[in-house]
Structures are given as C-alpha cells and as structure tokens.
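The values are calculated or read from the model by the stated rules, or taken from the named source; none is laboratory data. On a predicted model such as this, the values are computed, not experimentally measured, just so you know. Cβ atoms come from the backbone with ideal geometry, glycine included; neighbour counts cover every protein chain shown. The protein model used for the area step is the full one, side chains on, heavy atoms only, and it has no ligands, DNA or RNA in it. Shrake-Rupley method; radii C 1.70, N 1.55, O 1.52, S 1.80 Å.
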Amino acid sequence: MQTYVALLYSIILGEGRRLVMTDLKAMAEELGLKKVRTLVATGNLVFETSATAVADLEQRLEAAFEKTFGRHVDIIVRGAEDWRTLAAGNPFPGESAEAGDQVAVRVMRKPALVDAVAALQAYAAADEKVLSVGGDIWVVFSRERPSSRLLAATSHKRLGIGTSRNWNTVRKLAEMVSA
C-alpha cells in the first residue's frame with residue numbers, strides 16, 4: 001500500500017453550500033481507498049491504496065467527486081515521498097517559522113512554466129517573494145497588506161491547474177504521511 005495526499009481546488013459546491021469533510025471522506029472510502037483522513041475543512045485528503053499512477057488517482061477522484069457532489073473540482077494528488085520532498089524544499093524556512101499562514105505553495109498538476117512564474121514578480125509587493133521549486137510556486141505574502149495582487153495573479157488561467165496551501169497545512173500533511 002502507498003500513501004497519497006489529495007488536494008481539492010475548491011470546496012464550494014454552489015450558492016451557500018460547502019463540502020463537509022465527512023462526506024468527502026465517505027466518497028473516498030466508496031472508491032476503495034483505505035485509511036482515509038482529512039485535515040482541516042479545506043479539502044485535504046490523506047489515504048492509502050495500491051501503487052497507482054497519480055494521474056489515474058486524480059481522474060478517479062474527480063469523477064467520483066462530480067458524481068457525488070454534482071460539480072467538477074480539480075484534484076491534485078501527490079505520493080507521500082513527493083509530498084515530503086515538497087515540504088522539505090520550502091525555500092522560505094525563516095518566514096514560515098515566523099508566520100506559517102503567510103507562506104504558501106501552489107501545488108501544480110504540471111510544473112509551472114518558468115516565464116509564468118517570472119511574470120508573477122510584477123504583482124509582488126516589496127515585502128512579497130515568489131520562487132519556483134520543482135515546478136510548484138512558493139510565495140511569501142505581505143504581512144502589511146490585507147489583500148495582495150499576487151494572490152489574484154496565481155490563477156489557473158495564468159499558471160495552469162493547481163491549488164494553494166499555506167505552510168501550516170503543508171507541514172501538517174507531511175506529518176500525516178510520515179506517521
């Protein structure tokens with residue numbers, strides 16, 4: 001059995017409806033996934049299954065989600081070792097220690113293009129940082145500005161399919177796949 005992390009892009013099901021994590025867990029268990037766990041109410045799953053191609057897991061989860069909840073949601077899957085590598089590759093350890101909720105990674109289905117990541121620099125405030133590590137995009141958001149232009153710039157349209165998680169979530173998921 002292999003351990004995987006699955007990240008949902010959105011958990012909004014429609015007008016005033018949010019996904020309940022117990023329902024998400026039940027959907028995953030109906031697919032035959034084992035030891036299914038969720039982390040916080042933002043669409044994070046950890047589960048075990050026989051070794052399977054990540055793309056196949058993504059397709060299975062997305063199809064089951066649409067069938068169960070009536071809406072397509074992009075789901076990004078990483079194996080446990082890949083998740084630990086992502087967490088260990090955090091290029092902003094100092095900032096993460098100070099304010100883990102201000103540091104985020106956009107986990108990409110396909111590696112972000114170098115020029116797309118470079119273009120994000122134009123949206124970054126003086127106290128914000130952007131780096132690409134292994135095709136994923138790490139960002140330190142401003143502590144001074146409640147709304148960042150950089151956040152809006154990290155969209156599917158500009159970067160491709162991906163979803164963001166803050167350092168606190170990344171770290172906790174790494175702990176879950178290592179347990």
Number of Lys-Lys pairs in the chain under 24 Å by Cα, sequence gap 8 or more or different chains?
-> 13
Express in whole angstrom the spacing between the alpha-carbon centres of region 55-113 and region 122-179.
-> 11
Probe 1.4 Å, accessible area per residue of region 83-155, Å² = 51
For the charge dipole of region 1-81, defined by +1 on Lys and Arg C-beta atoms and -1 on Asp and Glu C-beta atoms about the Cα centroid, which residue among L57, M1, I11 has the Cα displaced farthest towards the positive pole?
-> I11
When the Kirkwood hydrodynamic radius is evaluated over all pairs of different C-alpha atoms of region 1-81, what value in angstrom, to one decimal, is obtained?
-> 12.5
List, largest first, the extents of the alpha carbons of the chain along their principal axes, each in whole Å.
-> 48, 37, 28
Within the chain, helix-based [θ] at 222 nm, where runs of 4 or more DSSP H residues each add -39,500 (n - 2.57), nearest 500 | -10500 deg cm²/dmol
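To the nearest 20 Debye, how big is the dipole of the chain about its Cα centre, given +1 on the beta carbon of each Lys and Arg and -1 on that of each Asp and Glu? If you can, show how the numbers build up before the last one.
Working: 23 positive and 21 negative charges, 40 e Å.
Here the size comes out at about 200 debye.
Work out how much length T85 to A116 would gain on full extension: take 0.36 nm times their residue separation and subtract the Cα-Cα distance, in nm to one decimal.
On the way: separation 31, 0.36 × 31 = 11.16 nm, distance 2.26 nm.
Gain on stretching T85 to A116: 8.9 nm.
What FRET efficiency comes out for the pair E175/E98, r = Cβ-Cβ distance, R0 = 22 Å, nearest 0.05? Could you put the intermediate results ahead of the total?
Numbers: r = 20 Å, r/R0 = 0.89.
Using R0 = 22 Å, I get an efficiency of 0.65.
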Using a Förster distance of 30 Å, the FRET efficiency for L151-A26 (Cβ separation, nearest 0.05) = 0.40
Counting only protein heavy atoms with a 1.4 Å probe and every protein chain in place, the carbon and sulfur fraction of the accessible surface of region 24-179 in whole percent equals 54
